[in-house]
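Just so it is clear, none of the values below were taken in a lab; they were calculated from the coordinates. Bear in mind the structure is a predicted one, so any value in this text is a computation, not a measurement. Every residue, glycine as well, gets a Cβ built from its backbone with ideal geometry; the counts of neighbours run over all protein chains shown.
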Amino acid sequence: MRSGRIIAVGDIHGCINKLKDLLRRLSIRDTDTVIFLGDYIGRGPSSKDVISTLVELKKRYQRIICLLGNHENLLLEYVRSPDEILIPYLRQQSIEAFLRSYGQKDLSHLHELSFMPKEHVEFLKSLELFHVEQDYIFVHAGIMPGLPLEKHTAMEFCEIRDVFLDSDVEIDKTVVFGHTPFELPLVTKDKIGIDTGAVYGNLLTAVVLPEMKFFHT
């Protein structure tokens, strides 16, 4: 069993100042496992800086795990298949804020990601769907009740909401998730929700486990 802390960080959405403040408060150590729960981009002004920070963290520490959020998933889906039907959904997710952070004014090169540094593109394509650590399952949005993890689709991991939140199906591990914003962290016997709406003027939240100690900025 690892001796370091387990730390999960909620949805950042381009809020680089809150992320930097949170990282200062956390004082990450070499022995820590830090799981970022996805949605690094969109809505907020500094998607590029957030990705740069996470790329550098992954270089510096061995146990930085970055999960796929629905914002990254939709962007990558558009890269794989630049279907114009996806553009309204990208705009609903404020893809323009993501583009502006890279100095882009329109969607013309979005399907190529040619405006992004190579290591940023590689970062997006390396994002994991879920992570299991000790007594915890880490995902972006939640899990489908009763469905084995390996049978989930990326969309289920990234988009699920009410079916997961309202379920009383017993889960053998605690699910730590983001995606659904709460004013304060949600804590039940088998769920910990730590998206506290940083991009909407509320808090960016991290939780240290198993102590259940919360950090906010």
Check your understanding: Pairs 59/125; 48/173; 18/58; 58/105; 59/118: which exceed 22 Å Cα-Cα?
Key -> 48/173; 58/105
Study note, to complete from the structure: So, over other residues within a Cβ distance under 14 Å of residue 186, counting Lys, Arg +1 and Asp, Glu -1, the net charge is -3
Check your understanding: Going through the stretch 68-141, which GluC sites (Glu not before Pro) have at most 14 other Cβ atoms within 10 Å and a DSSP loop state?
Key -> 112
Exercise for review: Please list, or write none, the aspartates and glutamates whose alpha carbon is within less than 12 Å of the alpha carbon of residue 191, excluding same-chain residues fewer than 8 places away.
Suggested key: 135, 166, 168, 170, 172
Point to revise | Additional length obtainable on full extension of the chain from residue 87 to residue 62, 0.36 nm per residue less Cα span | key: 5.4 nm
Exercise for review: Taking the dipole about the Cα centre of the chain, with the C-beta of Lys and Arg at +1 and of Asp and Glu at -1, give me whichever of 114, 67, 136 is farthest to the positive side.
Suggested key: 114
Practice item. Please label the shape of the stretch 49-171 as rounded, prolate or oblate, based on the square roots a ≥ b ≥ c of the eigenvalues of the alpha-carbon gyration tensor (a/c under 1.5 means rounded; beyond that, a/b larger than b/c means prolate, else oblate). Key: oblate
Exercise for review: Convert 37 °C to kelvin, take the viscosity as 0.692 mPa s, use the Kirkwood radius over C-alpha pairs of the stretch 1-118 as Rh, and evaluate the Stokes-Einstein diffusion coefficient in µm²/s, rounded to a whole number.
Suggested key: 218 µm²/s
Check your understanding: Restricting attention to the stretch 1-102, which trypsin sites (Lys or Arg not before Pro) occupy a DSSP loop and are surrounded by at most 16 other Cβ atoms within 10 Å?
Key -> 2, 29
Point to revise | Spin-label zone in the stretch 4-41 - amide nitrogen under 18 Å from a point set 7 Å from the Cα of residue 212 along the C-beta vector | key: 6-9
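Using a simple charge model, +1 on the beta-carbon of Lys and Arg, -1 on the beta-carbon of Asp and Glu, nothing else, what dipole does the stretch 8-153 show about its Cα centre, in debye to the nearest 20?
Dipole of the stretch 8-153, to the nearest 20 debye: 480 debye.
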